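Beneath this line is the structure, given in structure tokens, with notes to follow.
The values are calculated or read from the model by the stated rules, or taken from the named source; none is laboratory data. Quick caveat, the model's predicted, so the values are computed rather than measured. Positions of Cβ are generated from backbone atoms using ideal geometry, with glycine treated the same way; all protein chains shown enter the neighbour counts.
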Amino acid sequence: MPTPEPSGGSLGRGARARILAAAQTCFSRQGMVATSVNDLRAQARVSKRTLYEHFPSKDELLIAYLGERGLSAAETVLDREQLTPRARLLELFTALGAAEHARPDPVLAAAIEFPDRAHAVHRAATHQSERLLGRLRALAEAAGAADPDQTARQLALVYAGAAARLLVDDAEAVIGDAHRLAASILRAAIDHSGTDRST
């Protein structure tokens, strides 16, 4: 049984990071709604008081988790400046096979588990989805897409669909199909523009 940290005035060294890491573990195993504060406290090895000092409510923890961890796997790929914009967009789909994706997509999971669009957690998921769309649009424009907005929306749709299918289908097939579809979208978008600024 995990030993909770002392419940004194100190927040504990690295407690916030441990809580967010615990959230990732618990949410991927049990789901966001089913995970209790006690589950999080035990996994993070912190007292309940420390958890609440960092995150006054579970909703606030969920919102922070989505803000810091929701797009981490995708942004790790999209930030690879040594690759061309087009290569980064395609690598996003190849990377779906990485360990970080061997769990429900946090943004998608939050939107499903909190379907009320007025709920703060759903709004946080929407914000992260829009942020990813913005990243895709900027890279599509840099790659020379004729219509970066449309290209970004299409790529985001393929990405979300692939992330969902990974939960039930063969990973290799899903990743291969998603990569080919993304490549086709980019080919059409860049060929139509008559230029490819990614090379």
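ALA111 fails exactly one of the following numbered conditions: (1) crowded, with 16+ Cβ neighbours inside 10 Å; (2) out of contact with any Phe, Trp or Tyr (no Cβ under 8 Å at 6 or more places or on another chain); (3) in contact (Cβ under 8 Å) with a residue 24 or more places away in the chain; (4) under 22 Å from THR35 (Cα atoms). What is the number of that condition?
The one condition ALA111 does not meet is (3).
Restricting to segment 12-42, count the residues that are in contact with a Pro (Cβ under 9 Å, 6 or more places away or on another chain) and not in a helix (DSSP H, G or I).
3
Do we find that ALA140 is crowded, with 18+ Cβ neighbours inside 10 Å and over 22 Å from ARG180 (Cβ atoms) in this structure?
Details: crowded, with 18+ Cβ neighbours inside 10 Å: yes; over 22 Å from ARG180 (Cβ atoms): no.
So ALA140 does not fit the description; no.
Please enumerate the residues belonging to segment 103-145 that are outside any helix (DSSP H, G or I) and either within 21 Å of ASP79 (Cβ to Cβ) or at pLDDT 95 or above (or both).
Quick first cut of segment 103-145, residues outside any helix (DSSP H, G or I) only: 103-105, 114-119, 144-145.
Passing the criteria: ARG103, ASP105, PHE114, PRO115, ASP116, ARG117, ALA118, HIS119, GLY144, ALA145.
Can you find even one residue in segment 88-111 that is of a type in the set (A, V, I, L, M, F, W, C) and more than 20 Å from ALA164 (Cα to Cα)? It would help to see each step written out before you state the result.
First, the residues of segment 88-111 that are of a type in the set (A, V, I, L, M, F, W, C): 89-90, 92-93, 95-96, 98-99, 102, 107-111.
Checking which are more than 20 Å from ALA164 (Cα to Cα) leaves us with none.
No, segment 88-111 has no match at all.
Tally time: how many residues in segment 23-37 are crowded, with 19+ Cβ neighbours inside 10 Å and more than 16 Å from the chain's Cα centre (by Cα)?
Total meeting the criteria: 1.
Can you name the number of the only condition in (1) at pLDDT below 95; (2) within 30 Å of LEU89 (Cα to Cα) that LYS48 fails?
(2)
For segment 61-94, name all the residues that are surrounded by fewer than 20 Cβ atoms within 10 Å (Cβ to Cβ) and of a type in the set (Ser, Thr, Tyr).
SER72, THR76, THR84, THR94
Examine segment 72-89 for a residue that is at negative phi, more than 18 Å from the chain's Cα centre (by Cα) and of a type in the set (A, V, I, L, M), and state whether such a residue exists. Can you show your working first?
As a first pass, look at segment 72-89 and keep what is at negative phi: 72-89.
Filter once more, keeping what is more than 18 Å from the chain's Cα centre (by Cα): 81-87.
In the following step, the residues that additionally are of a type in the set (A, V, I, L, M) were identified as 83, 87.
Checking segment 72-89: at least one residue is at negative phi, more than 18 Å from the chain's Cα centre (by Cα) and of a type in the set (A, V, I, L, M).
Considering each of LEU89, LEU83 in turn, give the residue that is without any contact (Cβ under 8 Å) to a residue 12 or more places away in the chain, closer than 28 Å to ALA189 by Cα and out of contact with any Pro (no Cβ under 7 Å at 6 or more places or on another chain).
The conditions single out LEU83.
Condition test on HIS127, is it out of contact with any strand residue (DSSP E or B) (no Cβ under 8 Å at 6 or more places or on another chain) and surrounded by 17 or more Cβ atoms within 10 Å (Cβ to Cβ)?
On the way: out of contact with any strand residue (DSSP E or B) (no Cβ under 8 Å at 6 or more places or on another chain): yes; surrounded by 17 or more Cβ atoms within 10 Å (Cβ to Cβ): no.
Criteria not met by HIS127.
Please enumerate the residues belonging to segment 172-198 that are modelled with pLDDT under 85, in a helix (DSSP H, G or I) and surrounded by 14 or more Cβ atoms within 10 Å (Cβ to Cβ).
Taking segment 172-198 as the starting set, the residues that turn out to be modelled with pLDDT under 85 are 191-198.
Adding the requirement that they be in a helix (DSSP H, G or I) leaves 191-193.
Selection gives SER193 alone.
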